[in-house]
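Written out below as structure tokens is the structure these notes cover.
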Amino acid sequence: MTPRQPPGPALVTGGNGYVASWLVKRLLEHSFDVHATVRDPHDPRKTAHLTALAHDCPGTLSLFRADLLDPAAFDHPMADCSLVFHTASPLIVRDVEDPLRDLIEPATAGTRNVLEAANRTPSVRRVVLTSSITAIYGDAADLEQLDTDRFDESHWNATSRDDHQPYSYSKTLSERLAWEIAEKQSRWDMVAVNPGLVLGPGLSPHTRAEGVLMMLDFGNGYYRFGAPELEFAIVDVRDVAEGHLRAALTPEASGRHILVSESMTLVEMGKVLRGHFGGDFPFPHKAVSNLAALMLAPRRGIPQAVARRNLGYPLRFDNTRSRTALGMTYRPAAESIVDHFQQLLDAGLVGPPARK
Ligand code: NAP
């Protein structure tokens, strides 16, 4: 989407994240003055890629320090902004130490703090909330309770709790809270985007988002003897940035939007990688039995209760709404997977194929 004249500065919370960095890039390319909040603006590992981007683009970038837990942190960065993209939220799926402290509190308090700052900032007209498909479903097994073969925007995650899929619970609670706050006022409107598993090349070499960890597993041989029978609803990080932009700049946009290209199992992803990079890498050829996968899950920081409700279940989403209401088109998942692995290869994060 090519925006007309930017409607004023845009705030991006968590501007250094995997997803947000691509959004910041797109906004800068379209001449926006971007106010990006980060936890530490002086940490070059977190911000150098953003300042480099700003050098090459017509827009301007200002970095602000803000922690989600600080109720006053967002007023100054949000001043004069008409658009607010709230992307910052902790993303930890494996080995969660303290779900309340590490996920639920920062996600919900952060959403409240950002949206209450929007209530105090007269220039704000639209908030784009980065939610997730995890606010739509909890486990793939949830689909069995529905009268349909795929999830859509009318569904809400009703099965996650602080002791079962706490990341998904944090996203569900924060999206619900965001709608509650949005509906109590009328100066700004809110549009939610709900991306699936985000893959594709990152802009920072230090990104360690969940999708990056998954791609590393393909390279480091974790699935050499087979992969669990798990399906993922994939979307490219560049398309997620596009979805945010369209959610912000489509005047009539409203409600939730699933951002998903297509679903693939780990074995199907392995097949795509083998087709492109050849057979010498340790990509999976087959699925391991669900029993074996269940036994191995805790070693990966995945509780067995979670594995039991996801192994072997299909996971499908209807992306019609984002295609019709926002005009989204999606890269095939294979392109995201190949581009992402190529980036890890180029960066030396996964090794070259073993020589026979
Ligand atoms: P990411 O790279 O880990 O980005 C998360 C961002 O949130 C980072 O900027 C992080 O800052 C910030 N953050 C975390 N805790 C914070 C706190 N207490 N105070 C201030 N900032 C904090 O992950 P991502 O994949 O880009 O995720 C961005 C958004 O997309 C999240 O809302 C996530 O739930 C959503 N999402 C992601 C996926 C996916 O597959 N990646 C799928 C669906 C939805 P630091 O760099 O300082 O930690």
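The values are calculated or read from the model by the stated rules, or taken from the named source; none is laboratory data. Keep in mind the model is a prediction, meaning the values are calculated, not measured. Cβ coordinates were reconstructed from backbone atoms using ideal geometry, including for glycine residues, and neighbour counts include every protein chain displayed. Just so you know, the surface numbers come from the protein's heavy atoms only, side chains and all, with ligands and any DNA or RNA stripped out. Shrake-Rupley method; radii C 1.70, N 1.55, O 1.52, S 1.80 Å.
Before moving on, here are some points about what is shown:
- Length released on extending from Asp43 to Asp70, taking residue separation times 0.36 nm less the Cα-Cα span: 7.8 nm
- Qualifying trypsin sites (Lys or Arg not before Pro) in the stretch 30-94, where qualification requires a DSSP coil assignment and no more than 16 other C-beta atoms within 10 Å, comprise Arg39, Arg94.
- Signed unit charges on C-beta, dipole axis of the stretch 43-102, positive-most listed residue Leu68, Ala48, Thr87: Ala48
- Most mobile of Ala48, Ala247, Ala140 in a GNM of the chain (Cα contacts under 10 Å): Ala48
- Using Cβ point charges alone (K and R +1, D and E -1), the dipole size of the chain about the Cα centre works out to roughly 540 debye.
- Lys, Arg +1 and Asp, Glu -1 on Cβ, resulting dipole of the stretch 287-356 about Cα centre, debye, nearest 20: 300 debye
- Cα shape, the stretch 251-347, gyration tensor, a/c 1.5 rule: oblate
- Dipole moment magnitude, nearest 20 debye, the stretch 100-168 about Cα centre, only Lys, Arg, Asp, Glu C-beta charged: 660 debye
- Surface share of carbon and sulfur [accessible, 1.4 angstrom probe, percent] for the stretch 223-326: 55 percent
- Three principal axis lengths of the stretch 1-88 [C-alpha, angstrom, descending]: 35, 27, 18
- Per residue of the chain, the DSSP helices (runs of n ≥ 4 H) give a summed -39500 (n - 2.57) that works out to -11000 deg cm²/dmol at 222 nm.
- Across the alpha-carbon set of the chain, the Rg to Rh ratio works out to 0.96, Rh being the Kirkwood radius.
- Positive end of the dipole of the stretch 267-356 (Cβ unit charges, origin at the Cα centre): among Val288, Ala305, Ile337, the Cα lying farthest that way belongs to Ala305.
- Rounded, prolate or oblate (a/c below 1.5 giving rounded, otherwise prolate when a/b exceeds b/c) for the stretch 135-204 by Cα gyration tensor: oblate
- Of Ser154, Ser62, Ser289, the residue with the greatest mean-square motion in the GNM of the chain, using alpha carbon springs below 10 Å, is Ser154.
- Eligible lysines near Lys286 by straight Cα distance, threshold 25 Å, same-chain separation 8 or greater: Lys271, Lys356
- Within the listed set Ile136, Ile302, Ile337, the residue fluctuating most in the Gaussian network model of the chain (springs between alpha-carbon atoms under 10 angstrom) is Ile302.
- Taking GluC sites (Glu not before Pro) in DSSP loop conformation with at most 15 other Cβ atoms inside 10 Å as exposed sites, the chain has its longest uninterrupted site-free stretch at 98-251.
- For the stretch 72-171, with all protein chains in place and a probe radius of 1.4 Å, 46% of the accessible heavy-atom surface sits on carbon or sulfur.
- Sites Leu349 and Tyr313, calculated FRET efficiency, Cβ-Cβ separation with R0 35 Å, nearest 0.05: 0.70
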